[in-house]
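Colleague: Provided herewith is a single structure, encoded as structure tokens, for subsequent inquiry.
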Amino acid sequence: MRTGIERIYATLLDQDYQRVIFGDLGDFQRKGNAYIARCPFHEDALPTLVLYGDRPEYFCFACSRRGDWLKFLQKRLEISFPEAFSRLARAAGVDAAADDETAWEADLHRSDLLENAMSFFITRLWAEEGACDLAYLYKRGYSMAEVEGMALGSYPGYVQTRDYLLSQGFAGDHLERTLSCVWNKETDSPGLAIPFRDASGRLMGLLCRDIATLGAPAYRPLTDLKPLADTPFLLYRSRGQAEVIVVEGIFDALLLDQVRLKPVMGVGSGGLSDAGIEAAAACGTRHFVLALGNGVRRRHATLEAIGRIRAKGLDVSVLPIPRRYSDLDAYIRGTCLDHFRSLLKKAMEAEQWIEKKSR
Ligand SMILES: [Zn+2]
């Protein structure tokens, strides 16, 4: 993982640490996947502060204050950044030197900006402007509930995005500066916006799927993805789970995650890297179930991943996707969930898979 705080947040979220940080606020209570409470920064008769369940962030509907847990602790307890950091590190049992404060602030701005942009894109997907993108998803075979669960959006292009953010109160100069660091303006055309979160669930990058193009070239980064270079896609969703399926491709991972039969993470055509394995292991993965797909290239990627996982002393098995399906997405769409359920029971020991493949 890139920073100490990402590791600390990932650990504490799995312990429902919201209850410790925010539990003494008035009307603190669970609300679905999140918590709500009365905001401590002003008189509040109703609980207007939302503490997200899957990421270390808060937002107040009354005063619009938002931030992450480090920011909250600094404001509420009037303590410094290093003090707030070591408080959380101790609670997580993580021995890490404090992160750089400036880098932490930049990350905070980034996730705030991207959350704002993403909520704009999601609104557009379900409005008239998103009709083509939505039709594409339905045509691909996803149900309305699946599309909603994937939290995808419709990206209108850079200029509209910047104008929207300006209307949301992001200061012009500052916004331009942040966007020029984060946004990938060179490949700017509309498409489906896909959120990419770090291991602690913070929104650190966005991808775009051009619906008029086929295959891998259809995907392009909307933002710089450097902070996510070592992070398998959807890793934050499988945190704390010992056994995780690994698939190739963004939509394969999103679909499997919606199916909810087993935790999943997605990798690119480069396969599962050493850093990716380490990030997953730090989040609790002990057993990787490889389902990277069929064909020479993907089989090679599977073999490589087996070697890398074993070298780290972790368990690995392979899901034998019937050869007439290119990958798990095609298999699930081509059969049904019951078939997928029984395929899950057929996961093979890596040894056995290698032997069968060489026959
Ligand atoms: Zn407030």
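The values are calculated or read from the model by the stated rules, or taken from the named source; none is laboratory data. Keep in mind that what you see is a predicted model, and the values were worked out from it rather than measured. Don't worry about glycine lacking a Cβ; one is built from the backbone with ideal geometry, like all the others, and counts go over all protein chains shown.
Colleague: If you go through segment 207-236 one residue at a time, how many are touching a residue at least 60 places away in the same chain (Cβ under 8 Å) and assigned to a helix (DSSP H, G or I)?
Modeller: Residues meeting the conditions: 2.
Colleague: Then there's this: Could we say that A106 is closer than 19 Å to T3 by Cα, surrounded by fewer than 20 Cβ atoms within 10 Å (Cβ to Cβ), away from the ligand (no atom under 16 Å from the Cβ) and not charged (D, E, K, R) here? Can you show your working first?
Modeller: Values: closer than 19 Å to T3 by Cα: yes; surrounded by fewer than 20 Cβ atoms within 10 Å (Cβ to Cβ): yes; away from the ligand (no atom under 16 Å from the Cβ): yes; not charged (D, E, K, R): yes.
Yes.
Colleague: Right, F61: more than 22 Å from L152 (Cα to Cα), crowded, with 18+ Cβ neighbours inside 10 Å and more than 23 Å from the chain's Cα centre (by Cα) or not? Before you say what the answer is, go through the steps one by one.
Modeller: Numbers: more than 22 Å from L152 (Cα to Cα): yes; crowded, with 18+ Cβ neighbours inside 10 Å: no; more than 23 Å from the chain's Cα centre (by Cα): yes.
Criteria not met by F61.
Colleague: Something else: With the structure loaded, tell me whether D163 is touching a Lys or Arg at 6+ places or on another chain (Cβ under 8 Å) and outside the structural domain of L255 (by TED's automatic domain parsing) or whether it fails that test. Lay out the reasoning, then the answer.
Modeller: Values: touching a Lys or Arg at 6+ places or on another chain (Cβ under 8 Å): no; outside the structural domain of L255 (by TED's automatic domain parsing): yes.
In short, no.
Colleague: Check off (1) farther than 22 Å from R110 by Cβ; (2) surrounded by fewer than 18 Cβ atoms within 10 Å (Cβ to Cβ); (3) at pLDDT 95 or above; (4) not acidic (D, E) for P82 and give me the number that stays unchecked.
Modeller: All conditions are met except number (1).
Colleague: Now for a separate question. Y58 versus (1) within 16 Å of the ligand (Cβ to nearest atom); (2) under 26 Å from H174 (Cα atoms); (3) part of a loop (DSSP other than H, G, I, E, B): which is the lone unmet condition?
Modeller: (3)
Colleague: Please specify each residue of segment 61-74 satisfying the condition of being within 11 Å of the ligand (Cβ to nearest atom) and either among the polar types (S, T, N, Q) or modelled with pLDDT of 95 or more (or both).
Modeller: Initial filter on segment 61-74 (within 11 Å of the ligand (Cβ to nearest atom)): 61-66.
Matches in segment 61-74: S64 only.
Colleague: Continuing with the same structure: Only residues that are in the same structural domain as G153 (by TED's automatic domain parsing) and basic (K, R): list them for segment 77-117, please.
Modeller: Result: R110, single match.
Colleague: Of all residues in segment 126-153, which are over 21 Å from V259 (Cα atoms) and without any contact (Cβ under 8 Å) to a residue 60 or more places away in the chain? Lay out the reasoning, then the answer.
Modeller: Pass one, segment 126-153, residues over 21 Å from V259 (Cα atoms): 126-133.
W126, A127, E128, E129, G130, A131, listed by residue number.
Colleague: Also, quick follow-up: For segment 99-196, please list each of the helices (runs of 4 or more DSSP H) lying entirely inside it that holds at least 1 residues being β-branched (V, I, T). Walk me through it before giving the result.
Modeller: Values: elements: 101-125, 131-139, 144-150, 158-167, 172-182.
It comes to 101-125, 144-150, 158-167, 172-182.
Colleague: A further question follows. Taking into account only those residues within segment 75-91 that are more than 16 Å from the ligand (Cβ to nearest atom) and touching a residue at least 24 places away in the same chain (Cβ under 8 Å), which is farthest from R38 (Cα to Cα)? Lay out the reasoning, then the answer.
Modeller: If we filter segment 75-91 for residues that are more than 16 Å from the ligand (Cβ to nearest atom), which is where we start, we get 77-91.
Still in the running and touching a residue at least 24 places away in the same chain (Cβ under 8 Å): 85, 88-89, 91.
On the way: F85: 24, L88: 22, A89: 26, A91: 24 Å.
Within segment 75-91, the match that is farthest from R38 (Cα to Cα) is A89.
Colleague: Counting residues that are β-branched (V, I, T) and at negative phi, which helices (runs of 4 or more DSSP H) fully inside segment 280-345 reach at least 2? First the steps, then the outcome.
Modeller: On the way: elements: 296-311, 328-334, 337-344.
Output list reads 296-311.
Colleague: Within segment 291-306, does at least one residue satisfy the condition of being loosely packed, with under 12 Cβ neighbours inside 10 Å, under 30 Å from I5 (Cα atoms) and assigned by TED's automatic domain parsing to the domain that holds V267?
Modeller: Narrowing segment 291-306 to residues loosely packed, with under 12 Cβ neighbours inside 10 Å: 296.
Imposing the further condition that a residue be under 30 Å from I5 (Cα atoms) reduces the set to none.
Scanning segment 291-306, I find no residue that is loosely packed, with under 12 Cβ neighbours inside 10 Å, under 30 Å from I5 (Cα atoms) and assigned by TED's automatic domain parsing to the domain that holds V267, so the answer is no.
Colleague: Mind listing just one residue for me: the one in segment 17-53 that is near the ligand (Cβ under 10 Å from one of its atoms) and exposed (fewer than 13 other Cβ atoms within 10 Å of the Cβ) and, of those, modelled with the highest pLDDT?
Modeller: Across segment 17-53, the extreme among qualifying residues is H42.
Colleague: Tally time: how many residues in segment 19-41 are over 16 Å from Y9 (Cβ atoms), not in a loop (DSSP other than H, G, I, E, B) and not charged (D, E, K, R)?
Modeller: 3
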